[in-house]
Amino acid sequence: MTYAGDRPDVRDAIDQLEAIVRDVAEELAGWRSRAQKAESELKTRGGPVKNTETESENKALRQRVEGARTRVHDLVQRLSFLEEQARDNGGHK
């Protein structure tokens, strides 16, 4: 994505944010697929079955989501700072 007249540091931060959002969207699609498969298996079995492998995977995925959330938060703060800095400098570096 190009931003005419933007500073390179702002563009870099936006590109990083977009990459994180794409990664999270891809993971979400994978989780959705696994959830649908698990729901289908659950209906077939007729009741819940404890699966330690799935629980372990869920824990790891939650940690990855939290890490992504932290990175996005940091990038949003960085973007806000850079935008404020650009406004204070009249849009000039």
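Residues ALA86, ALA60: which one is surrounded by 13 or more Cβ atoms within 10 Å (Cβ to Cβ), in a helix (DSSP H, G or I) and not charged (D, E, K, R)? Criteria check complete, one pass: ALA86. Counting the residues of the range 15-53 that are at pLDDT below 85 and aliphatic (A, V, I, L, M) gives 3. Please work out if GLY46 is open to solvent by less than 90 Å² (accessible area, probe 1.4 Å) and at positive phi. When the stated conditions are applied, GLY46 passes them. Tell me yes or no: at least one residue of the range 66-77 is in contact with a helix residue (DSSP H, G or I) (Cβ under 9 Å, 6 or more places away or on another chain), β-branched (Val, Ile, Thr), at pLDDT below 85 and surrounded by 10 or more Cβ atoms within 10 Å (Cβ to Cβ). No: the range 66-77 contains no residue that is in contact with a helix residue (DSSP H, G or I) (Cβ under 9 Å, 6 or more places away or on another chain), β-branched (Val, Ile, Thr), at pLDDT below 85 and surrounded by 10 or more Cβ atoms within 10 Å (Cβ to Cβ).
The values are calculated or read from the model by the stated rules, or taken from the named source; none is laboratory data. Note that the coordinates shown come from a computational prediction; the quantities given were computed from them, not determined experimentally. FYI the Cβ positions are ideal-geometry reconstructions off the backbone, even for glycines, and counts take in every protein chain you see. These accessible areas exclude ligands, DNA and RNA; they are computed on the full protein's heavy atoms, side chains included. Shrake-Rupley method; radii C 1.70, N 1.55, O 1.52, S 1.80 Å.
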